[in-house]
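Please read the structure below before turning to the comments.
The values are calculated or read from the model by the stated rules, or taken from the named source; none is laboratory data. Nothing here was measured: the structure is a model prediction, and the numbers come from that model. Using ideal geometry, Cβ is built from the backbone for each residue, glycine included, and neighbour counts are taken over all protein chains shown. With ligands, DNA and RNA removed, areas are computed over all heavy atoms of the protein, side chains included. Shrake-Rupley method; radii C 1.70, N 1.55, O 1.52, S 1.80 Å.
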Amino acid sequence: MSDAALRTPAPETQAEVREDVAVLSIPNEANDNENLSLRQQPEARMFELPKSIWIAMIGSYAVFLAVLLGATGGSRAAFAIVISVVYIAMFFGVARVMLGQSKPQPASPLDRSGGKLQSLYGPLGRLEVYTQVLVVPFAVATFGIAISVIAALVF
C-alpha cells in the first residue's frame, strides 16, 4: 500500500451544530485515513546485562547440581538431577537462541565505568544490579552446599 493511499483526505465536511447538545461534533470516517498508520517496529528491548552476570548465574546452578549430585551419592538421584540439568539448559538455551534471532546486542551500560542500568524504578548501579540478579542463584548454590554439608555430617 502506498503512502498516498494512507493519506487520502476525508471528504469536506461541515461542522454540525446541534442545538440540543452543547458539544461541537465533526463527523469522522470509520477508517481515519488522515492520520498515518504506525508501522510495526521490531522489539527494541535489550538484555543489557554483562556476560559476567550470565556466567555467575550458570556457575551457581552448576555448583548446586554438582554438590547435590555429590551429596546424594550420584546413582540414587542421578535421574532427577539429569532432568534438572535439562531444564536449566532449556532456560538458558532459549534465551540464547532468542538472542541469536535479534540484531547484535550493544555492550552493557554496566561495562562502562560509572554506567547505570535503567530499570522500571530508576537507574541502578553495577553493585545493585549484581545483587538483585544474583541473590537467588547464589542462594540456590548456598542451599546445595548446605545440603552437602548436612549429608556429609549425617551419613
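Entry note, the range 37-150: relative contact order of 44 percent, from Cα contacts under 8 Å with a spacing of 6+ residues.
Multiplying the residue separation of Ser119 and Phe155 by 0.36 nm and subtracting their alpha-carbon distance yields 8.3 nm.
Protection proxy ranking, highest mean first, for peptides 122-133, 89-100, 52-63: 52-63, 122-133, 89-100, where packing is the per-residue count of other beta-carbon atoms within 10 Å, averaged.
For the pair Glu128 and Arg112, label points projected 7 Å from Cα toward Cβ lie 1.7 nm apart. What is the distance in Å between the Cα centroid of the range 124-139 and that of the range 55-86? Their Cα centres are 22 Å away from one another.
A 1.4 Å probe run over the protein chains yields, for the range 53-155, 70 Å² of accessible area per residue, whole-number rounding.
The modelled label-to-label distance for the pair Thr142/Ala62, using points 7 Å beyond Cα in the direction of Cβ, is 2.2 nm.
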